[in-house]
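The values are calculated or read from the model by the stated rules, or taken from the named source; none is laboratory data. Here the structure is a predicted model, which is why all the values come from computation and not from measurement. Glycine gets a Cβ as well: all are built from the backbone with ideal geometry, and neighbour counts include every protein chain shown.
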Amino acid sequence: MKIGLGCDHGGYNLKLDIINFLQSKDIEYIDYGTNNANESVDYPVFGEKVANAVVNTEVDYGIVCCGTGIGISLAANKVPGIRCAVVSDVFSAKMSKAHNNANMLALGERVLGKGLALEIVETWINTEFEGDRHLRRVNMIDDIENKHNK
Ligand code: RB5
């Protein structure tokens, strides 16, 4: 499994924690920036970069961080084929994969403590999509996207 990572300045330190975590588990990743917490940058840039990497299959999944996780998830979700879930608890992390087949996870550095954030990441990575009736519903999301992108 290869994971694409991205963040703005508000999510940079959390991204570093996630990198350390992925390294400790021998999970491959590609870091799409940004590269420091001091320079104010625009979260849509990094949300789109990671989303593009997911839809182009450079990586299998994306994890993105900003202050709240909200802005960067909204940007990522504009890329067709992306289902980016903003998650702040372990149960939702599990469900976002099991039921919604989220291919990106968004986290807020200003919302979450490090311990919870990493538990969310671990749960999300280790949860599989259940398919079945959930596949029909995820396909319905794609139908909406296709209808509006005509
Ligand atoms: C940047 O200050 C902040 O707005 C951003 O990190 C994020 O929280 C936006 O949703």
Out of (1) in contact (Cβ under 8 Å) with a residue 40 or more places away in the chain; (2) more than 14 Å from the ligand (Cβ to nearest atom), the one Val64 does not meet is (2)
Conditions (1) away from the ligand (no atom under 15 Å from the Cβ); (2) farther than 23 Å from Ser88 by Cβ -> Lys25 fails only (2)
When (1) crowded, with 16+ Cβ neighbours inside 10 Å; (2) over 23 Å from Asn100 (Cβ atoms) are applied to Tyr61, the one that fails is (2)
Per the list (1) farther than 28 Å from Asn13 by Cα; (2) not in a loop (DSSP other than H, G, I, E, B), residue check on Phe129 breaks on (2)
Conditions (1) among the β-branched types (Val, Ile, Thr); (2) out of contact with any strand residue (DSSP E or B) (no Cβ under 7 Å at 6 or more places or on another chain); (3) in a loop (DSSP other than H, G, I, E, B) -> Thr68 fails only (2)
Taking region 64-91 and keeping only residues that are under 21 Å from Leu14 (Cα atoms) and surrounded by fewer than 18 Cβ atoms within 10 Å (Cβ to Cβ), one is left with Ile70, Leu74, Ser88, Asp89, Val90, Phe91
Flagged in region 28-56 as among the hydrophobic types (A, V, I, L, M, F, W, C), within 14 Å of the ligand (Cβ to nearest atom) and either part of a helix (DSSP H, G or I) or farther than 13 Å from Ile72 by Cα (or both), in numbering order, are Ala37, Val45, Phe46
Log entry, pairs with first residue in region 5-16 being in contact (Cβ under 8 Å) with a residue 12 or more places away in the chain and closer than 11 Å to Phe46 by Cα, second being in a helix (DSSP H, G or I) and near the ligand (Cβ under 7 Å from one of its atoms), beta carbons closer than 6 Å, six or more apart or on different chains, reads Asp8/Tyr43
Scanning region 105-131 for residues that are within 16 Å of the ligand (Cβ to nearest atom) and loosely packed, with under 15 Cβ neighbours inside 10 Å gives Arg110
Restricting region 1-31 to residues that are among the aromatic types (Phe, Trp, Tyr) and within 24 Å of Thr127 (Cα to Cα), the one surrounded by the most Cβ atoms within 10 Å (Cβ to Cβ) turns out to be Tyr29
* Check on Ala102, outside any helix (DSSP H, G or I), within 16 Å of the ligand (Cβ to nearest atom) and closer than 16 Å to Ile3 by Cα -> no
Expected single match for at pLDDT below 95 and either under 13 Å from the mean Cα position of the chain (by Cα) or exposed (fewer than 12 other Cβ atoms within 10 Å of the Cβ) (or both) among Asn149, Asn101 is Asn149
